[in-house]
Amino acid sequence: MRRLCEDIARRCEALAHVHIPQVLLSFTPARNRSKYGLQARVTPLRFREGGLIRCYSAVEYQVQRFFVDDIEMLYVLAFCLPRFFDQPFEEKLSTVFHELFHMSPAFDGDLRRHKGRYAMHSHSKARYDWHMAKLAKQYLADHDRPEVLDFLRYNYRELWVRHGGIRGVVVPRPKLLPVGWATRQAAKGTIRPSEPRP
C-alpha cells in the first residue's frame, strides 16, 4: 500500500503535495463482514492550518504526536479490513485517491478544506467521489507498472492465501492531550515529549 501511495503521489499532479514518509499507514478491523460502511479514513495530526495547539473551553489541547524512526507523522491513513479489500478493484483505487485528496495542499497535518458549509467533501459528496474516480482513471490510463497495482485486484481471502497472511500496523486513534509545560515545549520543538520537565 505504501508503494502504491508513493506511486500515486508521484504520477498525479493533484496529489504531488503528499509526502508519504510522513503518512502513517495502518489498518482498522471491520466490526462485521458487511461490505458496506467505513472503507478507509485519514486522520490529521494537526489542527486548522497546521496548528499544534488549539483552545477548547479555555483549555489548550494538542493532538497526540507520532514519530517513526525520528520522522514525525502528519497523518494516519487507515484501511478497514477485510472490508476494503472485498470491494471491486476500481472502488479500492478510488478510495485510495479519496483519502489522499483529503490531505491539505499545504501538507501541514490539516485536512483539505472546501469553501462553504460542507468543508470536507465540498457541497456535493457525489461530485467529490466522481472527481476521485476520474483521477483514478487518469492514473490508470498511462500506467506502465502493473505490479504496483496487482494486490488491489484480489479480495481479502485471495490475498491471504496468496501471501500466507496480511500484515499491517494497528494505530489507535490519536488523542487530544491537555497541554502542560512539557507538551507545550515539545510543540515548539524545544524538547521531545518523553523528556522530563527540568
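The values are calculated or read from the model by the stated rules, or taken from the named source; none is laboratory data. Nothing here was measured: the structure is a model prediction, and the numbers come from that model. All Cβ positions, glycine included, derive from the backbone under ideal geometry; neighbour counts span all protein chains shown. Side chains are part of the model used for accessible areas, which takes the heavy atoms of the whole protein and leaves out ligands, DNA and RNA. Shrake-Rupley method; radii C 1.70, N 1.55, O 1.52, S 1.80 Å.
Observations on the structure shown:
- For the chain, the number of Lys pairs with C-alpha atoms closer than 23 Å, counting only pairs eight or more positions apart or on separate chains, is 12.
- Between the stretch 1-40 and the stretch 139-171, the alpha-carbon center distance in angstrom: 12 Å
- Positive-end residue of 106, 27, 80, charge dipole of the stretch 25-145 with Cβ unit charges: 80
- Accessible-area order (highest first, 1.4 angstrom probe) of the listed residues 69, 7, 108, 144: 69, 144, 108, 7
- Solvent-accessible surface (1.4 Å probe) assigned to residue 176 amounts to roughly 90 Å².
- Residue-averaged [θ]222 nm for the chain, counting only DSSP H segments that reach four residues, each worth -39500 (n - 2.57): -8500 deg cm²/dmol
- Maximal additional length on extending the residue 48-residue 125 stretch stands at 25.6 nm, based on 0.36 nm per residue less the C-alpha distance.
- Heavy-atom accessible surface of residue 127, to the nearest 10 Å², is about 150 Å², with a 1.4 Å probe and all protein chains retained.
- The chain: angle of helix 2-11 to the longest principal axis, Cα-based, in degrees nearest 10: 80 degrees
- Summarising the strand pairing of the stretch 12-112, around 65 percent of its internal DSSP beta bridges are antiparallel.
- Summing Cβ point charges (Lys, Arg +1; Asp, Glu -1) relative to the Cα centre of the chain gives a dipole of roughly 720 debye.
- Structure remark: mean-square fluctuation, Gaussian network model of the chain, C-alpha springs under 10 Å; the largest value among 159, 52, 77 belongs to 159.
- Rolling a 1.4 Å probe over the protein chains gives residue 71 an accessible area of about 70 Å².
- Nonpolar atom fraction for the chain, defined as the carbon and sulfur part of the 1.4 Å probe accessible area, stands at 51 percent.
- Scattering from the chain was approximated by placing one identical point on each alpha carbon and applying the Debye formula without solvent; log10 I(q)/I(0) at 0.08 1/Å stands at -0.31.
- Based on protein heavy atoms only, the chain ends up with 60 Å² per residue of surface accessible to a 1.4 Å probe.
- Residue range of the chain that is longest and free of chymotrypsin sites (Phe, Trp or Tyr not before Pro) which are both DSSP loop and sparsely packed (at most 14 other C-beta within 10 Å): 37-117
- Rounded to the nearest 5, the antiparallel percentage of DSSP beta bridges internal to the chain is 70%.
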